[in-house]
Amino acid sequence: MTVKPDLPTEAEVTLAKESSRLLSLYLSSQEEAQSIRVIDQAGEHEAVQVPTAAYRLLIDILAQMAQGNAVSLIPVHAELTTQEAADMLNVSRPYLVKLLDGGDIPFHKVGTHRRVCYQDLAQYKNRIDTERLKALEELSAQAQELNMGY
């Protein structure tokens, strides 16, 4: 899980733009599954049923690549090392350890190593993002009241 995805090349960005656009044209949110026809190098083809959620995820991945972003997938039940969790929050590992030891984010130990469940990390991130947004809205409202020109 410590593999850092590479940024897409210009050719991949161009291909991802077109692919995401075309695939989104055929997305049917009323259906439980989507059908994709796969053609191999020899011209053989076969229809493949894909869950609609996975089809949407594929379109999202391509849209991110089209913007030049690297993409990685993490299963919701994944257990992260402290460095992986710190990287996801964009904080230092020592700061993350303080959050863990302070009870802000649940963790468990595997031997002497702390492990953080991805779901717990995502809940923490959502909580702090919500708190930050609320504080920003309050500051914005105060600036409006004080006629600060914001």
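The values are calculated or read from the model by the stated rules, or taken from the named source; none is laboratory data. What you see is a predicted model; the values in this text were computed from it and never measured. Positions of Cβ are generated from backbone atoms using ideal geometry, with glycine treated the same way; all protein chains shown enter the neighbour counts. All accessible areas refer to the heavy atoms of the entire protein, side chains included, with ligands and DNA or RNA removed. Shrake-Rupley method; radii C 1.70, N 1.55, O 1.52, S 1.80 Å.
Seen against the Cα atoms of the chain and their longest principal axis, helix 118-145 is set at about 60 degrees. Averaged per residue, segment 1-142 has 73 square angstrom of accessible surface, using a 1.4 angstrom probe with ligands and nucleic acids left out. Among the protein heavy atoms of the chain, carbon and sulfur supply 53% of the accessible surface, probe 1.4 Å, non-protein parts ignored. Among the listed values (i) -0.32; (ii) -0.27; (iii) -0.50, the one computed from these coordinates for log10 I(q)/I(0) by the Debye sum over Cα atoms at q = 0.09 Å⁻¹ is (iii). A simple spin-label model places pseudo-atoms 7 Å from Cα toward Cβ; at Leu7 and Gln41 they are separated by 3.1 nm. Among the lysines of the chain, pairs that are 8 or more positions apart or on different chains and have alpha carbons within less than 28 Å of each other number 9.
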